[in-house]
Structure formats: structure tokens, C-alpha cells
Amino acid sequence: MDTVFIHEKEHLRQTQEKYGEIIAENEEFYKSLPDLYPEDPDILNDLLFQTHNHIARLHLGVEKPYFARIDFTGDHDKKPEKYYLGKIGVMDSDDRVVTLDWRAPIATLYYDSNVGAVEYESPGGVEKGTLDLKRMLEIEKRELISYNDVDTVTSDDLLAPYLGVNADNRLKNIIATIQSEQNRIIRGNIHENMIVQGVAGSGKTTVALHRIAYLVYNHRNRIKPSQFMVIGPNQFFISYIASVLPDLDVDSVPQHTYASLAKEVLHEELTLNNPANCLTGVITGKNKGTIEGFKTSMAYKDALDDFLAWYERTIPPETDFSLRGFKVLAREEVETAWQEALTGSGNTVRDKVGQCMEKLTTLINDRKIQLDESLSKHFRALYADRENAARLDKLHRDRAYIEKELDRGCRQSLKEFFKKADVKTTALYRQFIQNCGAHIATFGEKEALKKQTLANFRKRSLDNEDLPALLYLRERMRGADIFRNYAHAVVDEAQDFGVFDLYALQKTLPGCTFTVVGDLAQAIYSYRSIENWDSVRAGAFERNARVCEMVKCYRTTVEVMETANKITTFLGLPPAEPVIRHGSPVAFHALGGVAATQKAVELVRAYKEDAFKSIAILGKVEGELTP
């Protein structure tokens with residue numbers, strides 16, 4: 001028998017033994033936790049949760065503790081260090097590495113480097129040395145099946161066994177077969193925005209999830225998992241990633257659709273219409289797609305900016321600032337302070353109101369002696385008026401209230417004076433819609449937009465395409481609040497967003513960088529979908545983003561990919577590069593006419609007889625699929 005195989009088989013046995021010991025140690029620690037933290041339930045619950053999950057992953061990991069081995073000799077080392085790469089990193093009680101986490105900096109040598117002189121980026125700087133060995137290890141059900149010493153992990157022959165399995169198993173094995181173009185995206189700098197154009201079957205969604213896993217692992221000492229976010233296209237996708245992320249050693253990362261995030265940000269009751277209605281024409285007439293496309297464009301954002309500039313000017317009432325009939329500040333003084341605030345450093349209306357109130361409060365405090373004297377004169381005149389004799393109690397209460405407010409700089413009364421700044425976001429948006437004709441510059445269907453959106457308001461519902469406007473208005477009025485604490489967000493299927501959707505998103509999460517993933521060739525909602533990624537880079541991210549391409553398809557056969565490329569060429573997109581895996585030629589069947597459904601049924605029956613397991617009938621709208 002091959003001596004290398006025997007050696008690797010023995011190492012696997014020893015590793016599994018070591019896993020057993022570590023599992024036993026962790027289970028004992030888990031049992032002892034209540035005694036160690038009897039008076040601190042928060043720490044206890046966190047540790048119970050973490051330890052329980054770690055034990056569960058160790059139990060799963062023992063089945064296949066690693067998938068590869070690299071031997072690396074640093075420039076200052078005398079002999080190579082052996083690293084066995086696994087889904088999770090495991091240390092023994094003496095802090096020795098049992099398996100190395102695939103996300104560790106040195107692990108990138110397996111994915112990106114050939115045997116020979118290499119270097120990689122570590123937390124302490126660039127490490128140089130020699131990659132002496134790169135070995136793929138196939139382990140199934142605790143048994144070593146085979147090994148393969150390789151110089152690259154991108155050979156089609158090496159990928160073929162992994163690509164031939166079903167989708168679930170393919171996902172479980174992807175860490176062993178991450179390609180160089182995928183690895184560069186996964187390990188990209190957390191501080192930069194990244195837009196990924198990935199062809200169908202390129203693994204872009206899986207790469208996006210592995211990027212989250214990589215970032216959570218490598219920034220765990222300063223960023224909590226809860227400060228990352230995944231934004232998906234629908235609830236089905238959210239359910240999918242909720243099942244995948246724990247398998248990638250990631251817990252507590254929030255997952256949202258655009259709509260669910262908007263509802264959480266807005267804190268208002270919000271009913272959304274079905275987006276499919278735009279395709280079927282259920283809602284209203286011929287202008288529907290044009291209107292919704294405009295609502296997700298940056299031109300709509302410009303109209304909102306124009307409206308907000310007008311609205312800001314109207315926030316202070318056109319009156320003196322008075323307390324129960326006693327003039328505290330003249331209207332001109334309020335207006336001067338407000339104009340200074342509008343041109344000041346405040347980013348939001350809330351900031352500007354706060355700055356204005358501080359200035360006015362200071363002004364009131366500085367005039368406290370004069371105001372007290374004026375107040376005494378004011379009430380002496382009221383007391384002298386015989387008509388007020390019957391309501392002395394009210395006068396006393398009014399004077400006490402005014403004196404108290406003046407002592408506090410009138411903060412509470414000023415807040416009420418500027419209450420127009422505290423409007424609900426949906427109410428503010430409705431005001432915009434009612435007056436949109438004055439703020440939309442070039443869109444020819446603004447009257448239709450107004451009519452349609454107000455009809456939705458009357459039905460207490462809005463379209464998904466209204467969400468970026470609501471998010472943007474809230475951020476401009478109130479700021480990001482707790483949402484500024486997020487560090488990085490992954491947005492999948494981004495081709496079905498408009499540029500304004502993504503712009504509003506990054507304003508809502510201002511502390512975030514983004515990985516935006518999509519495929520322009522797979523856009524569903526043509527009336528609002530992104531035409532090119534340059535528009536996203538320039539509009540949503542103000543040119544502060546890098547565009548990457550994933551052009552290799554690992555899902556389909558050469559024959560299917562060649563046919564698909566004939567279509568994407570017309571869209572101006574680069575052709576996908578298939579992995580060398582052949583199948584049957586693509587067949588075309590004419591299904592037009594009244595017998596189309598019957599022909600489709602006959603084809604499905606024929607495919608079932610040929611033992612096809614996955615068969616799909618696709619239509620642009622649901623009505624096309626109804627017999």
C-alpha cells in the first residue's frame with residue numbers, strides 16, 4: 001500500500017482521537033459553567049451558547065476534520081510546518097493547532113499559490129517562505145478515500161468529482177475547492193466596497209456567504225458577528241442562508257430582505273404590494289413599470305432633495321416664539337438662528353434643529369434678567385385688567401409655567417415649537433407625493449406617479465419601490481441611530497435593485513462597507529433593474545467601490561453554457577467560461593399556439609421517463625404557466 005496514504009490515514013486517526021478528547025473537555029466545561037458564573041446570567045448564557053455551538057461543530061467536524069494539507073517553511077525556519085486545513089480551527093489544551101481554520105491568513109497559500117517561493121499577508125505583516133507541499137485529501141464518513149498532491153486547485157480534473165454531486169453536497173465541499181478568483185473576493189479588504197458581477201453558476205452567492213464567514217473570523221477581536229449583515233432578495237433566500245451560515249461557523253449575523261430591514265428601520269406599520277403585480281399588470285395601467293423604475297433611480301433622490309430643501313425652510317413657524325402669550329424671542333431672531341443651522345455642520349434635520357435650539361437656549365439664558373423683568377411687567381398688566389380678575393388661578397399657573405420654562409432655557413417648549421421636524425417618515429413621504437410636481441424636474445409621468453402612489457396610501461399600502469425613498473427620508477431627517485454600528489453588509493441578487501435602492505441602503509448603514517453581488521443577465525424586474533455596475537459605482541457609492549468579475553461557471557455543462565453565451569453577448573456582458581464538463585446538446589422545441597401546454601406536458605413526461613430528477617418550466621409571469 002502507498003506509504004503516504006498509510007501515513008495520512010494514521011494522522012486522520014490521531015486527529016479524530018484528539019477531537020474526541022477536546023469534545024470531552026468542552027462537555028465538562030459546559031457542565032461547570034453554572035457553578036462558575038452563578039451570579040452573572042448574561043455572561044453565563046453567552047458562554048453556554050458559544051460552548052454548545054462549539055461542541056456541535058466539533059461533533060460534525062470529526063466526520064471530516066480537514067480537506068487539505070500544506071507544508072510551509074518560513075524564511076527564518078529550519079524545517080517546514082505542517083498545516084491541516086478544516087472548516088473550523090481546533091486547538092488542543094496546550095494551544096497546539098490540531099486543524100487550521102480555512103479562513104486563517106496562511107491558508108490562502110492553498111487557494112492562491114503554487115509550490116515554491118510564496119508570501120502571504122499576516123496580521124504582523126508580509127510573511128515569506130517556501131510552500132513545500134499542497135495536498136488535497138478526500139475524507140468521507142471518517143475514512144480517508146484518497147489524496148492528491150497538486151500545484152493548483154483550479155484544474156478541471158480535480159474539480160470534476162465535486163461538481164458532479166448534488167447541490168447540497170457541493171456546498172459542503174466548496175471550501176476544499178475555492179478558486180483563486182473566488183478567494184480574492186472572499187478575502188477582500190473589509191474597508192472597501194466591492195461589486196461582484198458573477199455569471200450564473202459562478203458560485204457568487206456561496207462566495208458572498210463565505211466572505212461573511214471570513215470577515216467574522218478575521219475581525220472577531222474588534223467586530224461582533226451582530227455587526228455584519230446579509231441582505232437577500234426574498235424570505236426563501238433568508239431561510240436558506242439561515243441554514244448555511246451556522247455550517248460556516250457563523251452565528252448571530254442578522255439576515256434581512258430589503259423590505260424587512262426597511263420595516264425595522266422605519267418603526268412604522270408598512271404593508272407592501274406584491275412586486276409581481278408590476279409584471280402581470282394587476283395594479284394599474286401602462287405607466288406602472290416606468291413609474292417604479294423612476295422611483296428607484298437617482299433622479300428620484302434628486303427630487304426628494306429638492307423637496308427636503310423646501311421642507312427644511314418651513315420647519316420653524318412664521319411667528320414669534322412665545323410662551324402662553326408672552327413673547328420670548330422675535331420671529332426674526334428664530335429665523336436667523338435657523339438659517340445659521342441650515343448652513344452649519346449638521347447632517348440631518350434633527351442635527352440642525354438641535355443646533356438651532358442650542359443657540360436659542362443660549363440666547364434665552366443670556367437674557368434671563370431682561371426676560372424676568374419683561375415677564376413681571378407682562379403679568380402686572382394682566383392682573384390690572386379687570387376682565388382677568390375671574391381667572392387669577394389660570395394667570396398664576398401660566399406665570400409659574402413660564403418662569404419654570406425660562407429657568408430651563410425653554411428646551412421643552414422649543415422642542416414643541418420645532419415639532420414639524422418630528423414628523424413620521426410615511427407622513428413626510430405623503431407630503432412629498434402630494435407636492436411632487438413642484439420637485440420632479442424631468443420625469444414625464446409625474447402626475448400618474450402622484451395619482452398611483454396616493455391611491456396606494458388610501459389603501460394603506462405602498463410598493464417595494466417606495467422603500468428607498470422612505471429610508472432616505474428617514475436618514476435625512478433623523479440619522480442612522482443604532483444602524484451606524486454595522487461594519488459590513490453583503491447584498492445578494494443586487495441586479496434587481498435600482499441604484500437609489502443601494503444608495504439609500506448605504507446611507508442607512510453609514511458605518512458599513514458593502515459586498516454587492518449579482519448578475520446583470522439574470523435581472524427579473526426589467527423596469528427597475530440595474531443596467532450596468534458603473535452606474536452603481538458612480539451613483540450608490542460615489543465611485544468608492546471596486547468592480548470584480550466571476551466569469552467561470554461551475555454549474556452547467558459546456559453545451560448549456562455555449563448556448564447561454566449567445567444570449568449574454570447581446571447584453572454586452574462577458575461570456576461565461578465553463579468548466580470542462582460535457583453533457584447532451586441543448587434542444588429547442590417550438591411550443592407556440594393553442595397546443596403549447598400539451599406539448600410542454602409531453603416533454604416533461606419524456607424527460608421523466610429518461611430519469612431526469614430536476615425539471616423546471618419557466619415563464620416571465622405566473623399567467624404563462626397556467627394551463
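The values are calculated or read from the model by the stated rules, or taken from the named source; none is laboratory data. Everything quoted here is computed from the prediction, not taken from an experiment. For neighbour counting, all protein chains shown are included, and Cβ atoms are generated from backbone atoms with ideal geometry for every residue, glycine included. Side chains are part of the model used for accessible areas, which takes the heavy atoms of the whole protein and leaves out ligands, DNA and RNA. Shrake-Rupley method; radii C 1.70, N 1.55, O 1.52, S 1.80 Å.
The single condition among (1) exposed (fewer than 12 other Cβ atoms within 10 Å of the Cβ); (2) within 23 Å of Ile186 (Cα to Cα) that Ala540 does not meet is (1). Please work out if Ala117 is surrounded by 17 or more Cβ atoms within 10 Å (Cβ to Cβ), modelled with pLDDT of 90 or more and aliphatic (A, V, I, L, M). It is false that Ala117 is surrounded by 17 or more Cβ atoms within 10 Å (Cβ to Cβ), modelled with pLDDT of 90 or more and aliphatic (A, V, I, L, M).
Per-residue answers, yes or no, for (1) outside any loop (DSSP other than H, G, I, E, B); (2) among the basic types (Lys, Arg); (3) at pLDDT below 95:
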{"residue": "Thr319", "(1), (2), (3)": "no, no, no"}
{"residue": "Glu333", "(1), (2), (3)": "yes, no, no"}
{"residue": "Leu363", "(1), (2), (3)": "yes, no, no"}
{"residue": "Leu371", "(1), (2), (3)": "yes, no, no"}
{"residue": "Ala389", "(1), (2), (3)": "yes, no, yes"}
{"residue": "Ser413", "(1), (2), (3)": "yes, no, no"}
{"residue": "Glu416", "(1), (2), (3)": "yes, no, no"}
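Annotation: of all residues in region 433-462 being of a type in the set (Gly, Ala, Ser) and open to solvent by 20 Å² or more (accessible area, probe 1.4 Å), the one that is nearest to Met298 (Cα to Cα) is Ala441. Applying the condition of being touching a residue at least 40 places away in the same chain (Cβ under 8 Å) and part of a helix (DSSP H, G or I) to region 247-260 and asking which residue is nearest to Glu493 (Cα to Cα) yields Tyr258.
Every residue, every condition in (1) touching a residue at least 40 places away in the same chain (Cβ under 8 Å); (2) basic (Lys, Arg); (3) open to solvent by 60 Å² or more (accessible area, probe 1.4 Å), yes or no:
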{"position": "Phe379", "(1), (2), (3)": "no, no, no"}
{"position": "Tyr383", "(1), (2), (3)": "no, no, yes"}
{"position": "His396", "(1), (2), (3)": "no, no, yes"}
{"position": "Glu403", "(1), (2), (3)": "no, no, yes"}
{"position": "Leu414", "(1), (2), (3)": "yes, no, no"}
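Give the residue that is farthest from Gly354 (Cα to Cα), with candidates limited to residues of region 418-442 that are more than 32 Å from the chain's Cα centre (by Cα) and not in a helix (DSSP H, G or I). Step by step, filter region 418-442, then rank; the result is Asn435. The number of residues in region 41-66 that are of a type outside the set (Val, Ile, Thr) and either open to solvent by less than 70 Å² (accessible area, probe 1.4 Å) or over 29 Å from the mean Cα position of the chain (by Cα) (or both) comes to 15. Out of Glu602, Glu609, Glu577, one residue alone is within 30 Å of Met550 (Cα to Cα), open to solvent by 60 Å² or more (accessible area, probe 1.4 Å), at pLDDT 75 or above and among the acidic types (Asp, Glu). It is Glu577.
Among the residues of region 121-137, the ones that are of a type in the set (A, V, I, L, M, F, W, C), in contact with a Ser or Thr (Cβ under 6 Å, 6 or more places away or on another chain) and open to solvent by 50 Å² or more (accessible area, probe 1.4 Å) come to 0 in all.
A quick yes/no check of all residues on (1) more than 30 Å from His191 (Cα to Cα); (2) modelled with pLDDT under 85; (3) surrounded by 11 or more Cβ atoms within 10 Å (Cβ to Cβ); (4) touching a strand residue (DSSP E or B) at 6+ places or on another chain (Cβ under 7 Å):
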site	(1), (2), (3), (4)
Val547	no, no, yes, yes
Tyr554	no, yes, yes, no
Val560	yes, no, yes, no
Val594	yes, yes, no, no
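Ser529 satisfies every condition listed in (1) more than 29 Å from Ser252 (Cα to Cα); (2) open to solvent by less than 30 Å² (accessible area, probe 1.4 Å); (3) in contact (Cβ under 8 Å) with a residue 60 or more places away in the chain except (3). Please go through (1) within 21 Å of Pro575 (Cα to Cα); (2) open to solvent by 10 Å² or more (accessible area, probe 1.4 Å); (3) at pLDDT 95 or above; (4) among the hydrophobic types (A, V, I, L, M, F, W, C) for Val199 and return the number of the only condition it doesn't satisfy. Going through the list (1) within 21 Å of Pro575 (Cα to Cα); (2) open to solvent by 10 Å² or more (accessible area, probe 1.4 Å); (3) at pLDDT 95 or above; (4) among the hydrophobic types (A, V, I, L, M, F, W, C), Val199 breaks only (3). Looking at region 348-355, can you tell me whether even one residue there is touching a residue at least 60 places away in the same chain (Cβ under 8 Å), in a loop (DSSP other than H, G, I, E, B) and not β-branched (Val, Ile, Thr)? Within region 348-355, none of the residues are touching a residue at least 60 places away in the same chain (Cβ under 8 Å), in a loop (DSSP other than H, G, I, E, B) and not β-branched (Val, Ile, Thr). Residues of region 22-40 that are open to solvent by less than 80 Å² (accessible area, probe 1.4 Å) and modelled with pLDDT under 90: Asp40 alone.
Scanning region 463-500 for residues that are open to solvent by less than 10 Å² (accessible area, probe 1.4 Å), acidic (Asp, Glu) and over 10 Å from the mean Cα position of the chain (by Cα) yields Asp463, Glu465, Asp466. For Lys566, state whether it is over 30 Å from Ala213 (Cβ atoms), among the basic types (Lys, Arg) and surrounded by fewer than 22 Cβ atoms within 10 Å (Cβ to Cβ). Answer is yes for this residue.
Considering the conditions (1) part of a loop (DSSP other than H, G, I, E, B); (2) closer than 30 Å to His210 by Cα, Thr15 is excluded by exactly one of them, (1). Tell me the residue from Arg13, Arg69, Arg96 that is among the basic types (Lys, Arg), at pLDDT 95 or above and surrounded by fewer than 17 Cβ atoms within 10 Å (Cβ to Cβ), please. Step by step, each of Arg13, Arg69, Arg96 is checked, and only Arg13 is among the basic types (Lys, Arg), at pLDDT 95 or above and surrounded by fewer than 17 Cβ atoms within 10 Å (Cβ to Cβ).
Residues checked against (1) out of contact with any Gly (no Cβ under 9 Å at 6 or more places or on another chain); (2) under 30 Å from Asn114 (Cβ atoms); (3) open to solvent by 20 Å² or more (accessible area, probe 1.4 Å); (4) assigned to a loop (DSSP other than H, G, I, E, B):
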{"residue": "His191", "(1), (2), (3), (4)": "yes, yes, yes, yes"}
{"residue": "Arg222", "(1), (2), (3), (4)": "yes, no, yes, yes"}
{"residue": "Ile238", "(1), (2), (3), (4)": "no, no, no, no"}
{"residue": "Leu245", "(1), (2), (3), (4)": "yes, no, no, no"}
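Cβ separations smaller than 6 Å between residues 6+ apart or across chains give the following pairs from region 309-328 residues that are of a type in the set (D, E, K, R) to residues that are open to solvent by less than 40 Å² (accessible area, probe 1.4 Å) and not in a helix (DSSP H, G or I): Asp320/Ala330. Take Asp534 and decide whether it is surrounded by 16 or more Cβ atoms within 10 Å (Cβ to Cβ) and either among the small types (Gly, Ala, Ser) or out of contact with any Cys (no Cβ under 9 Å at 6 or more places or on another chain) (or both). No; evaluated as a whole, the condition is false for this residue.
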